[in-house]
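Encoded as C-alpha coordinates, the structure appears first; notes follow it.
The values are calculated or read from the model by the stated rules, or taken from the named source; none is laboratory data. Keep in mind it's a predicted model, so treat the numbers as computed, not measured. Cβ sites come from the backbone with ideal geometry, for glycine too, and all protein chains shown count toward neighbours.
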Amino acid sequence: MSAPRPDDILYVTGGRPLRGRVRIGGSKNASLPLMAASLLTAEPIVLRNVARVADTEVMAQILRELGVVVGTSGDGLRLWAREVASEVPDHLARRMRASVVLLGPLITRAGAARLPKPGGDKIGARRVEQHLRGLRAMGAEITETATEFVARAPHGLRGARVVLDLPTVTGTENIVMAAALAQGRTEITNAAREPHVQDLCRLLVAMGARIRGAGTDEIVVEGVPRLQGAEHRVIPDYLEAGTYAIAVAAAGGDVILEEGPAADLPSVLLKLQEAGVSVETGAGFIRVRRRPGSPLRAVDMCTYAHPGFPTDLQAQYLALMTQAEGTTIISEYLHDNRFQHVTELMRMGARITVQGRDAFVRGPARLHGVDVVVPDIRSGAALVIAALCARGTTEIGEVWHIDRGYEDMTGKLRALGAEVERRSAILAREPSR
(Lines give C-alpha, C1' and ligand atoms only; values in the text may rest on other atoms or scores of the structure.)
Protein backbone atom coordinates (compact mmCIF):
# COMPACT_ATOMS: atom_id res chain seq x y z
CA MET A 1 0.00 0.00 0.00
CA SER A 2 1.40 3.38 -0.98
CA ALA A 3 1.89 6.02 1.69
CA PRO A 4 -0.71 8.84 1.88
CA ARG A 5 0.31 12.06 0.16
CA PRO A 6 0.14 15.33 2.10
CA ASP A 7 -2.05 16.89 -0.63
CA ASP A 8 -4.61 14.06 -0.72
CA ILE A 9 -8.33 14.85 -0.86
CA LEU A 10 -10.98 12.78 0.89
CA TYR A 11 -14.36 12.24 -0.77
CA VAL A 12 -17.19 11.16 1.54
CA THR A 13 -20.69 10.38 0.30
CA GLY A 14 -23.18 10.42 3.13
CA GLY A 15 -26.27 8.41 3.90
CA ARG A 16 -24.81 5.02 4.74
CA PRO A 17 -25.03 3.56 8.26
CA LEU A 18 -21.88 2.07 9.77
CA ARG A 19 -21.85 -1.63 10.63
CA GLY A 20 -19.22 -4.13 11.70
CA ARG A 21 -16.10 -4.05 13.81
CA VAL A 22 -13.18 -1.66 14.01
CA ARG A 23 -9.99 -2.15 15.99
CA ILE A 24 -8.83 0.83 18.04
CA GLY A 25 -5.11 1.45 17.67
CA GLY A 26 -2.51 2.62 20.15
CA SER A 27 -2.89 6.04 21.71
CA LYS A 28 -1.14 8.83 19.85
CA ASN A 29 -1.09 11.05 22.92
CA ALA A 30 0.52 8.23 24.92
CA SER A 31 2.97 7.13 22.21
CA LEU A 32 4.69 10.50 21.88
CA PRO A 33 5.76 11.00 25.55
CA LEU A 34 6.57 7.28 25.83
CA MET A 35 8.94 7.67 22.89
CA ALA A 36 10.44 10.77 24.52
CA ALA A 37 11.01 8.77 27.72
CA SER A 38 13.54 6.61 25.85
CA LEU A 39 15.95 9.54 26.28
CA LEU A 40 16.07 8.87 30.03
CA THR A 41 18.10 5.65 29.79
CA ALA A 42 21.11 4.34 27.92
CA GLU A 43 19.40 0.96 27.63
CA PRO A 44 16.85 -0.06 24.95
CA ILE A 45 13.14 0.66 25.30
CA VAL A 46 10.65 -1.47 23.35
CA LEU A 47 7.17 -0.05 22.81
CA ARG A 48 4.38 -2.19 21.41
CA ASN A 49 1.08 -0.96 19.95
CA VAL A 50 2.60 2.43 19.09
CA ALA A 51 0.16 4.64 17.19
CA ARG A 52 0.84 4.37 13.46
CA VAL A 53 0.20 8.00 12.63
CA ALA A 54 2.17 10.86 11.11
CA ASP A 55 3.06 12.46 14.46
CA THR A 56 4.84 9.35 15.75
CA GLU A 57 6.84 9.27 12.50
CA VAL A 58 7.95 12.84 13.18
CA MET A 59 8.89 11.98 16.77
CA ALA A 60 10.95 9.03 15.52
CA GLN A 61 12.78 11.36 13.13
CA ILE A 62 13.48 13.82 15.95
CA LEU A 63 14.85 11.07 18.17
CA ARG A 64 17.14 9.86 15.39
CA GLU A 65 18.50 13.41 15.05
CA LEU A 66 19.17 13.37 18.81
CA GLY A 67 21.24 10.19 18.47
CA VAL A 68 18.63 7.57 19.35
CA VAL A 69 18.84 4.32 17.40
CA VAL A 70 15.29 3.70 16.20
CA GLY A 71 14.38 0.26 14.90
CA THR A 72 11.97 -2.61 15.36
CA SER A 73 11.80 -5.54 17.75
CA GLY A 74 9.22 -8.06 16.60
CA ASP A 75 5.98 -6.08 16.45
CA GLY A 76 7.39 -3.30 18.62
CA LEU A 77 9.38 -0.09 18.19
CA ARG A 78 12.88 -0.28 19.66
CA LEU A 79 14.52 2.94 20.91
CA TRP A 80 18.10 2.96 22.14
CA ALA A 81 19.51 6.26 23.39
CA ARG A 82 23.10 5.28 24.08
CA GLU A 83 24.22 8.85 23.40
CA VAL A 84 21.98 11.92 23.48
CA ALA A 85 22.45 15.27 21.76
CA SER A 86 20.73 18.31 23.23
CA GLU A 87 19.52 20.28 20.19
CA VAL A 88 16.16 19.45 18.63
CA PRO A 89 16.08 20.24 14.88
CA ASP A 90 13.88 23.19 13.97
CA HIS A 91 12.23 21.76 10.87
CA LEU A 92 10.91 18.74 12.77
CA ALA A 93 9.94 20.31 16.11
CA ARG A 94 7.80 22.92 14.39
CA ARG A 95 5.63 20.21 12.83
CA MET A 96 3.92 19.21 16.08
CA ARG A 97 3.35 20.71 19.50
CA ALA A 98 4.09 17.45 21.33
CA SER A 99 7.80 18.01 20.71
CA VAL A 100 7.70 20.14 23.88
CA VAL A 101 7.74 16.91 25.94
CA LEU A 102 11.39 16.52 24.96
CA LEU A 103 12.40 19.44 27.17
CA GLY A 104 12.25 17.65 30.55
CA PRO A 105 14.03 14.44 29.52
CA LEU A 106 16.76 16.33 27.64
CA ILE A 107 17.56 18.61 30.56
CA THR A 108 17.77 15.73 33.04
CA ARG A 109 19.68 13.32 30.75
CA ALA A 110 21.89 15.63 28.65
CA GLY A 111 22.11 18.49 31.15
CA ALA A 112 20.99 20.95 28.48
CA ALA A 113 18.38 21.42 25.79
CA ARG A 114 17.67 23.65 22.85
CA LEU A 115 14.10 23.33 21.60
CA PRO A 116 12.44 25.44 18.92
CA LYS A 117 9.01 26.65 19.92
CA PRO A 118 6.84 23.78 18.70
CA GLY A 119 4.19 23.93 16.00
CA GLY A 120 1.12 21.76 15.51
CA ASP A 121 -2.58 22.61 15.55
CA LYS A 122 -3.44 26.29 15.99
CA ILE A 123 -6.23 25.80 18.52
CA GLY A 124 -5.40 28.80 20.68
CA ALA A 125 -3.01 29.62 23.49
CA ARG A 126 -1.52 26.47 24.96
CA ARG A 127 0.79 27.91 27.56
CA VAL A 128 4.12 26.38 28.41
CA GLU A 129 5.01 28.68 31.28
CA GLN A 130 3.88 26.00 33.71
CA HIS A 131 6.44 23.60 32.19
CA LEU A 132 9.14 26.25 32.50
CA ARG A 133 8.20 27.28 36.03
CA GLY A 134 8.29 23.68 37.23
CA LEU A 135 11.63 22.93 35.59
CA ARG A 136 13.13 26.17 36.93
CA ALA A 137 11.97 25.22 40.43
CA MET A 138 13.98 22.03 39.96
CA GLY A 139 17.16 23.96 39.12
CA ALA A 140 17.01 24.40 35.35
CA GLU A 141 18.12 27.69 33.84
CA ILE A 142 15.84 28.39 30.88
CA THR A 143 15.98 31.27 28.45
CA GLU A 144 13.00 31.89 26.23
CA THR A 145 13.28 33.84 22.98
CA ALA A 146 10.72 34.54 20.29
CA THR A 147 11.66 31.31 18.51
CA GLU A 148 13.14 28.84 20.99
CA PHE A 149 13.81 27.60 24.51
CA VAL A 150 17.42 27.20 25.63
CA ALA A 151 17.92 25.33 28.89
CA ARG A 152 20.74 23.96 31.00
CA ALA A 153 21.11 22.41 34.42
CA PRO A 154 24.68 23.20 35.51
CA HIS A 155 24.21 21.61 38.93
CA GLY A 156 21.73 18.92 37.91
CA LEU A 157 18.04 18.85 38.77
CA ARG A 158 16.70 18.53 42.30
CA GLY A 159 13.29 17.67 43.64
CA ALA A 160 10.83 20.47 44.26
CA ARG A 161 7.18 21.17 44.98
CA VAL A 162 5.48 22.13 41.72
CA VAL A 163 1.99 23.59 41.79
CA LEU A 164 0.21 23.76 38.44
CA ASP A 165 -2.45 26.44 38.14
CA LEU A 166 -4.17 24.28 35.52
CA PRO A 167 -3.79 20.51 35.07
CA THR A 168 -1.63 20.60 31.94
CA VAL A 169 -0.99 17.19 30.34
CA THR A 170 2.33 17.88 28.64
CA GLY A 171 3.46 19.99 31.58
CA THR A 172 2.81 17.09 33.96
CA GLU A 173 4.61 14.69 31.60
CA ASN A 174 7.62 16.99 31.27
CA ILE A 175 8.01 17.44 35.02
CA VAL A 176 7.48 13.74 35.82
CA MET A 177 10.21 12.75 33.33
CA ALA A 178 12.60 15.39 34.63
CA ALA A 179 11.91 14.37 38.23
CA ALA A 180 12.57 10.68 37.58
CA LEU A 181 16.35 11.30 37.54
CA ALA A 182 16.43 14.40 39.76
CA GLN A 183 17.93 14.38 43.25
CA GLY A 184 15.27 14.09 45.93
CA ARG A 185 11.50 14.27 46.00
CA THR A 186 9.25 16.12 43.56
CA GLU A 187 5.59 16.78 44.37
CA ILE A 188 3.28 17.82 41.53
CA THR A 189 0.02 19.37 42.71
CA ASN A 190 -2.96 19.72 40.36
CA ALA A 191 -1.36 17.16 38.05
CA ALA A 192 -3.14 15.99 34.91
CA ARG A 193 -4.96 12.66 35.27
CA GLU A 194 -5.41 11.69 31.62
CA PRO A 195 -4.94 8.03 30.61
CA HIS A 196 -1.79 8.87 28.65
CA VAL A 197 -0.20 10.52 31.69
CA GLN A 198 -0.89 7.34 33.64
CA ASP A 199 0.59 5.24 30.83
CA LEU A 200 3.80 7.27 30.87
CA CYS A 201 4.10 6.73 34.62
CA ARG A 202 3.65 2.98 34.13
CA LEU A 203 6.55 2.88 31.67
CA LEU A 204 8.76 4.97 33.96
CA VAL A 205 8.03 2.65 36.89
CA ALA A 206 8.95 -0.33 34.69
CA MET A 207 12.22 1.50 33.98
CA GLY A 208 12.91 1.79 37.72
CA ALA A 209 11.37 5.16 38.56
CA ARG A 210 9.65 5.68 41.93
CA ILE A 211 6.27 7.31 41.27
CA ARG A 212 3.10 7.47 43.34
CA GLY A 213 -0.28 9.00 42.60
CA ALA A 214 -0.54 8.60 38.82
CA GLY A 215 -4.19 9.09 37.90
CA THR A 216 -4.75 11.52 40.79
CA ASP A 217 -4.11 15.25 41.05
CA GLU A 218 -1.06 14.71 43.30
CA ILE A 219 1.93 12.87 41.80
CA VAL A 220 5.03 12.25 43.91
CA VAL A 221 8.33 11.27 42.29
CA GLU A 222 11.38 10.14 44.26
CA GLY A 223 14.40 10.60 42.01
CA VAL A 224 16.70 7.65 41.27
CA PRO A 225 20.32 7.67 39.99
CA ARG A 226 19.57 5.79 36.76
CA LEU A 227 16.81 4.16 34.78
CA GLN A 228 16.94 0.88 32.91
CA GLY A 229 15.48 -0.48 29.70
CA ALA A 230 11.95 -1.88 29.60
CA GLU A 231 9.19 -3.20 27.38
CA HIS A 232 5.75 -1.62 27.40
CA ARG A 233 2.45 -1.86 25.53
CA VAL A 234 0.82 1.46 24.65
CA ILE A 235 -2.79 1.84 25.79
CA PRO A 236 -5.62 1.94 23.22
CA ASP A 237 -6.49 5.41 21.95
CA TYR A 238 -9.58 6.58 23.79
CA LEU A 239 -9.83 9.58 21.46
CA GLU A 240 -9.94 7.36 18.39
CA ALA A 241 -12.53 5.18 20.14
CA GLY A 242 -14.59 8.24 21.05
CA THR A 243 -14.40 9.53 17.48
CA TYR A 244 -15.76 6.29 15.99
CA ALA A 245 -18.40 6.01 18.71
CA ILE A 246 -19.64 9.50 17.82
CA ALA A 247 -19.48 8.67 14.10
CA VAL A 248 -21.78 5.67 14.60
CA ALA A 249 -24.12 7.78 16.72
CA ALA A 250 -24.28 10.38 13.94
CA ALA A 251 -24.55 8.15 10.86
CA GLY A 252 -26.50 5.35 12.54
CA GLY A 253 -25.66 1.67 12.54
CA ASP A 254 -24.16 -0.94 14.82
CA VAL A 255 -20.41 -1.10 15.43
CA ILE A 256 -18.20 -2.90 17.93
CA LEU A 257 -15.03 -1.01 18.86
CA GLU A 258 -12.46 -3.72 19.56
CA GLU A 259 -10.06 -2.77 22.37
CA GLY A 260 -12.26 0.21 23.07
CA PRO A 261 -11.24 1.63 26.48
CA ALA A 262 -14.67 2.31 27.96
CA ALA A 263 -13.22 3.23 31.36
CA ASP A 264 -11.39 6.17 29.75
CA LEU A 265 -14.57 7.61 28.17
CA PRO A 266 -17.08 7.97 31.03
CA SER A 267 -18.35 11.43 30.07
CA VAL A 268 -18.50 10.73 26.35
CA LEU A 269 -20.43 7.46 26.62
CA LEU A 270 -22.81 9.06 29.12
CA LYS A 271 -23.57 11.92 26.71
CA LEU A 272 -24.23 9.48 23.86
CA GLN A 273 -26.67 7.53 26.01
CA GLU A 274 -28.43 10.73 27.07
CA ALA A 275 -28.73 11.63 23.37
CA GLY A 276 -30.58 8.37 22.69
CA VAL A 277 -27.73 6.14 21.51
CA SER A 278 -27.38 2.54 22.73
CA VAL A 279 -23.98 1.92 24.34
CA GLU A 280 -22.83 -1.46 25.64
CA THR A 281 -19.43 -2.04 27.21
CA GLY A 282 -17.48 -5.11 28.23
CA ALA A 283 -13.95 -6.41 28.65
CA GLY A 284 -12.05 -4.87 25.77
CA PHE A 285 -14.97 -3.60 23.67
CA ILE A 286 -17.54 -0.86 23.23
CA ARG A 287 -20.69 -1.46 21.15
CA VAL A 288 -22.52 1.58 19.78
CA ARG A 289 -25.93 1.30 18.11
CA ARG A 290 -28.46 3.71 16.68
CA ARG A 291 -31.17 2.84 14.21
CA PRO A 292 -30.83 5.13 11.16
CA GLY A 293 -33.58 7.72 11.28
CA SER A 294 -34.22 7.41 15.01
CA PRO A 295 -34.14 10.84 16.66
CA LEU A 296 -31.20 12.22 18.60
CA ARG A 297 -31.77 14.42 21.63
CA ALA A 298 -29.84 17.65 22.14
CA VAL A 299 -27.55 17.29 25.17
CA ASP A 300 -25.43 20.19 26.43
CA MET A 301 -21.73 19.60 27.02
CA CYS A 302 -18.71 21.43 28.39
CA THR A 303 -15.13 20.28 28.02
CA TYR A 304 -13.05 19.71 31.11
CA ALA A 305 -9.89 17.98 32.29
CA HIS A 306 -10.06 14.19 32.62
CA PRO A 307 -12.34 12.51 33.59
CA GLY A 308 -14.47 15.29 32.12
CA PHE A 309 -15.42 15.51 28.46
CA PRO A 310 -12.16 15.67 26.41
CA THR A 311 -11.51 18.83 24.44
CA ASP A 312 -10.14 16.55 21.71
CA LEU A 313 -13.67 15.17 21.16
CA GLN A 314 -15.51 18.49 21.31
CA ALA A 315 -15.49 19.06 17.53
CA GLN A 316 -16.79 15.56 16.83
CA TYR A 317 -19.57 15.94 19.41
CA LEU A 318 -20.54 19.30 17.95
CA ALA A 319 -20.89 17.64 14.52
CA LEU A 320 -23.14 15.01 16.10
CA MET A 321 -25.35 17.62 17.73
CA THR A 322 -26.10 19.22 14.35
CA GLN A 323 -28.31 16.14 13.87
CA ALA A 324 -30.04 16.35 17.27
CA GLU A 325 -33.51 17.78 17.90
CA GLY A 326 -33.36 21.07 19.76
CA THR A 327 -30.59 23.49 20.72
CA THR A 328 -27.33 22.27 22.21
CA ILE A 329 -24.95 24.51 24.13
CA ILE A 330 -21.33 23.39 23.83
CA SER A 331 -18.81 25.15 26.05
CA GLU A 332 -15.08 24.95 25.37
CA TYR A 333 -13.33 25.74 28.65
CA LEU A 334 -9.83 24.45 27.83
CA HIS A 335 -8.79 26.23 24.60
CA ASP A 336 -9.64 29.66 23.28
CA ASN A 337 -9.61 28.92 19.54
CA ARG A 338 -11.17 25.50 19.21
CA PHE A 339 -14.22 26.25 17.12
CA GLN A 340 -12.39 26.38 13.79
CA HIS A 341 -14.58 23.58 12.46
CA VAL A 342 -17.70 25.69 12.90
CA THR A 343 -17.20 27.76 9.74
CA GLU A 344 -16.80 24.65 7.60
CA LEU A 345 -19.79 22.92 9.22
CA MET A 346 -21.93 25.98 8.54
CA ARG A 347 -20.96 25.80 4.88
CA MET A 348 -22.43 22.29 4.94
CA GLY A 349 -25.72 23.63 6.30
CA ALA A 350 -25.19 23.48 10.06
CA ARG A 351 -26.89 26.17 12.15
CA ILE A 352 -24.34 27.28 14.75
CA THR A 353 -23.76 30.53 16.63
CA VAL A 354 -20.53 31.08 18.55
CA GLN A 355 -20.38 33.49 21.47
CA GLY A 356 -16.98 33.50 23.14
CA ARG A 357 -16.32 29.99 24.41
CA ASP A 358 -19.90 28.80 23.82
CA ALA A 359 -21.37 27.35 20.63
CA PHE A 360 -25.15 27.14 20.18
CA VAL A 361 -26.11 24.34 17.79
CA ARG A 362 -29.67 24.17 16.41
CA GLY A 363 -30.73 20.87 14.97
CA PRO A 364 -31.49 18.75 13.21
CA ALA A 365 -29.78 20.38 10.23
CA ARG A 366 -29.98 19.05 6.68
CA LEU A 367 -26.31 18.88 5.80
CA HIS A 368 -25.17 18.76 2.19
CA GLY A 369 -21.86 17.90 0.57
CA VAL A 370 -19.57 20.82 -0.27
CA ASP A 371 -15.82 21.44 -0.47
CA VAL A 372 -14.33 21.94 2.98
CA VAL A 373 -10.81 22.32 4.39
CA VAL A 374 -9.46 20.68 7.55
CA PRO A 375 -7.93 23.21 10.02
CA ASP A 376 -6.66 20.72 12.64
CA ILE A 377 -6.71 17.02 13.58
CA ARG A 378 -9.95 16.84 15.54
CA SER A 379 -11.79 19.32 13.32
CA GLY A 380 -10.93 16.98 10.45
CA ALA A 381 -12.62 14.10 12.24
CA ALA A 382 -15.66 16.31 12.85
CA LEU A 383 -15.93 17.17 9.16
CA VAL A 384 -15.76 13.48 8.25
CA ILE A 385 -18.57 12.75 10.72
CA ALA A 386 -20.68 15.56 9.26
CA ALA A 387 -19.97 14.26 5.75
CA LEU A 388 -21.26 10.81 6.75
CA CYS A 389 -24.59 12.48 7.57
CA ALA A 390 -24.73 14.85 4.58
CA ARG A 391 -26.58 14.50 1.32
CA GLY A 392 -24.25 14.11 -1.62
CA THR A 393 -20.48 14.05 -1.61
CA THR A 394 -18.23 16.18 0.58
CA GLU A 395 -14.72 16.98 -0.68
CA ILE A 396 -12.34 17.35 2.27
CA GLY A 397 -9.00 19.07 1.66
CA GLU A 398 -5.87 19.32 3.84
CA VAL A 399 -6.58 15.77 4.97
CA TRP A 400 -2.98 15.35 6.14
CA HIS A 401 -4.11 16.86 9.44
CA ILE A 402 -6.25 13.76 10.02
CA ASP A 403 -3.23 11.51 9.34
CA ARG A 404 -1.47 13.12 12.30
CA GLY A 405 -3.96 11.59 14.73
CA TYR A 406 -5.77 8.72 13.01
CA GLU A 407 -4.37 5.57 11.43
CA ASP A 408 -6.01 4.76 8.07
CA MET A 409 -9.34 6.42 8.79
CA THR A 410 -10.33 5.89 5.16
CA GLY A 411 -9.75 2.14 5.32
CA LYS A 412 -11.49 1.74 8.66
CA LEU A 413 -14.58 3.66 7.57
CA ARG A 414 -14.80 1.75 4.28
CA ALA A 415 -14.64 -1.53 6.23
CA LEU A 416 -17.69 -0.30 8.16
CA GLY A 417 -19.63 0.37 4.95
CA ALA A 418 -19.01 4.10 4.47
CA GLU A 419 -18.57 5.43 0.94
CA VAL A 420 -15.16 7.03 1.30
CA GLU A 421 -12.44 7.52 -1.29
CA ARG A 422 -9.04 9.16 -1.01
CA ARG A 423 -7.22 10.55 -4.04
CA SER A 424 -4.25 12.80 -4.58
CA ALA A 425 -5.05 16.39 -5.47
CA ILE A 426 -3.20 16.00 -8.76
CA LEU A 427 -5.39 13.08 -9.85
CA ALA A 428 -8.48 14.86 -8.60
CA ARG A 429 -7.73 17.80 -10.91
CA GLU A 430 -7.12 15.67 -13.97
CA PRO A 431 -10.10 15.57 -16.37
CA SER A 432 -11.73 12.19 -16.88
CA ARG A 433 -10.93 10.49 -20.14
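Regarding region 337-345, can at least one residue be identified that is in the same structural domain as Ile246 (by TED's automatic domain parsing) and within 20 Å of Ala263 (Cβ to Cβ)?
Narrowing region 337-345 to residues in the same structural domain as Ile246 (by TED's automatic domain parsing): 337-345.
When the remaining residues are screened for being within 20 Å of Ala263 (Cβ to Cβ), the result is none.
So far as region 337-345 goes, no, none of its residues is in the same structural domain as Ile246 (by TED's automatic domain parsing) and within 20 Å of Ala263 (Cβ to Cβ).
In summary, Phe339 fulfils each of the numbered conditions (1) of a type in the set (A, V, I, L, M, F, W, C); (2) in contact with a Lys or Arg (Cβ under 9 Å, 6 or more places away or on another chain); (3) part of a strand (DSSP E or B) with the single exception of condition (3).
Taking region 74-89 as the range and being out of contact with any Asp or Glu (no Cβ under 8 Å at 6 or more places or on another chain), on the phi < 0 side of the Ramachandran plot and not in a strand (DSSP E or B) as the test, the residues that pass are Asp75, Ala81, Arg82, Glu83, Val84, Ser86.
On the stretch given as region 121-140, residues that are part of a loop (DSSP other than H, G, I, E, B) and at pLDDT below 95 total 8.
Residue-by-condition table, conditions (1) of a type outside the set (Val, Ile, Thr); (2) at pLDDT below 95; (3) crowded, with 16+ Cβ neighbours inside 10 Å; (4) not assigned by TED's automatic domain parsing to the domain that holds Arg185:
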| site | (1), (2), (3), (4) |
| --- | --- |
| Gln228 | yes, no, no, no |
| Ala263 | yes, no, no, yes |
| Ser278 | yes, no, no, yes |
| Gly293 | yes, yes, no, yes |
| Ala315 | yes, no, yes, yes |
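Residues in region 414-429: is at least one over 13 Å from Asp7 (Cβ atoms) and at pLDDT below 95? Working first, answer last.
Of the residues in region 414-429, the ones over 13 Å from Asp7 (Cβ atoms) are 414-421.
With the extra rule that they be at pLDDT below 95, the set shrinks to none.
Looking for residues that are over 13 Å from Asp7 (Cβ atoms) and at pLDDT below 95, one finds none in region 414-429, hence no.
Between Gly363, Gly392, Gly369, the distinction of being out of contact with any helix residue (DSSP H, G or I) (no Cβ under 9 Å at 6 or more places or on another chain) and either of a type outside the set (D, E, K, R) or surrounded by 24 or more Cβ atoms within 10 Å (Cβ to Cβ) (or both) belongs to Gly392 only.
Give the residue, chosen from Ala51, Ala60, that is aliphatic (A, V, I, L, M), under 28 Å from Ala182 (Cβ atoms) and in contact with a helix residue (DSSP H, G or I) (Cβ under 9 Å, 6 or more places away or on another chain).
On the way: Ala51 fails: under 28 Å from Ala182 (Cβ atoms).
Every option except Ala60 fails the conditions.
Please verify whether region 343-362 includes one or more residues that are part of a strand (DSSP E or B), among the acidic types (Asp, Glu) and in contact (Cβ under 8 Å) with a residue 24 or more places away in the chain. Among the residues of region 343-362, at least one is part of a strand (DSSP E or B), among the acidic types (Asp, Glu) and in contact (Cβ under 8 Å) with a residue 24 or more places away in the chain, which makes the answer yes.
Check Ala110, Ala137 and return the single one that is over 29 Å from Ile377 (Cβ atoms), surrounded by 18 or more Cβ atoms within 10 Å (Cβ to Cβ) and in contact (Cβ under 8 Å) with a residue 12 or more places away in the chain. Step by step, each of Ala110, Ala137 is checked, and only Ala110 is over 29 Å from Ile377 (Cβ atoms), surrounded by 18 or more Cβ atoms within 10 Å (Cβ to Cβ) and in contact (Cβ under 8 Å) with a residue 12 or more places away in the chain. Applying a threshold of 6 Å to beta carbon distances and a minimum spacing of six or more residues, or different chains, the list of pairs starting in region 373-402 at a residue that is on the phi > 0 side of the Ramachandran plot and ending at one that is surrounded by fewer than 22 Cβ atoms within 10 Å (Cβ to Cβ) reads Gly392/His368; Gly392/Gly369; Glu398/Val373.
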